[in-house]
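Visitor: Just passing along the structure, written as structure tokens.
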Amino acid sequence: MSREKIDHCVEQLCQRGCREVTLIIEQLDAGEAVEGTDHLDGSERHAVAEELRSIMSVYDGPCSI
């Protein structure tokens, strides 16, 4: 697992904004394809979802969709 690839992917996905990140987490959790993660293997996509979840935890709740 490449930490550098994961960090870069997380940075790119976060650029999409709070609402989009909330949707991305749901898609990754469901095993769905997410644009920008196709170069990652399953464990790396899981790590991305966990990192995004950690970042989003600083908010009181999920962004309204």
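The values are calculated or read from the model by the stated rules, or taken from the named source; none is laboratory data. Small disclaimer: the values here were computed from a predicted structure and weren't measured. Note: ideal-geometry Cβ built from the backbone for every residue, glycine included; neighbour counts use all protein chains shown. The protein model used for the area step is the full one, side chains on, heavy atoms only, and it has no ligands, DNA or RNA in it. Shrake-Rupley method; radii C 1.70, N 1.55, O 1.52, S 1.80 Å.
Visitor: Please compute the modelled spin-label separation between D29 and S57, points set 7 Å along Cα→Cβ, answer in nm with one decimal.
Guide: It works out to 1.4 nm between the two label points.
Visitor: Calculate the spin-label point distance for C14 paired with D41, positioning each point 7 Å from the Cα along the beta-carbon direction, and give it in nanometres.
Guide: Reported label-point gap for D41 and C14 is 2.6 nm.
Visitor: How high is the relative contact order of the chain, in percent, counting Cα pairs under 8 Å that sit 6 or more residues apart?
Guide: Details: 43 pairs, mean separation 29.0, N = 65.
Here the relative contact order equals 45 percent.
Visitor: If you fit an axis through the alpha-carbon atoms of helix 42-56 and take the longest principal axis of the Cα set of the chain, what angle between them do you get, 0 to 90°, nearest 10?
Guide: That works out to roughly 30 degrees.
Visitor: Let me ask another. Using the heavy atoms of the protein chains and a 1.4 angstrom probe, tell me the accessible area per residue for the chain in square angstrom.
Guide: Working: 4290 Å² over 65 residues.
Accessible area per residue, the chain: 66 Å².
Visitor: With +1 assigned to the C-beta of every Lys and Arg and -1 to the C-beta of every Asp and Glu, and no other charges, what is the dipole magnitude of the chain about the Cα centre in debye, to the nearest 20?
Guide: Here the size comes out at about 120 debye.
Visitor: State the answer as a single residue: which of G42, H8, S57 lies farthest towards the positive end of the charge dipole of the chain, with beta carbon charges of +1 for Lys and Arg and -1 for Asp and Glu, about the Cα centre.
Guide: Going by the charge dipole, the pick is S57.
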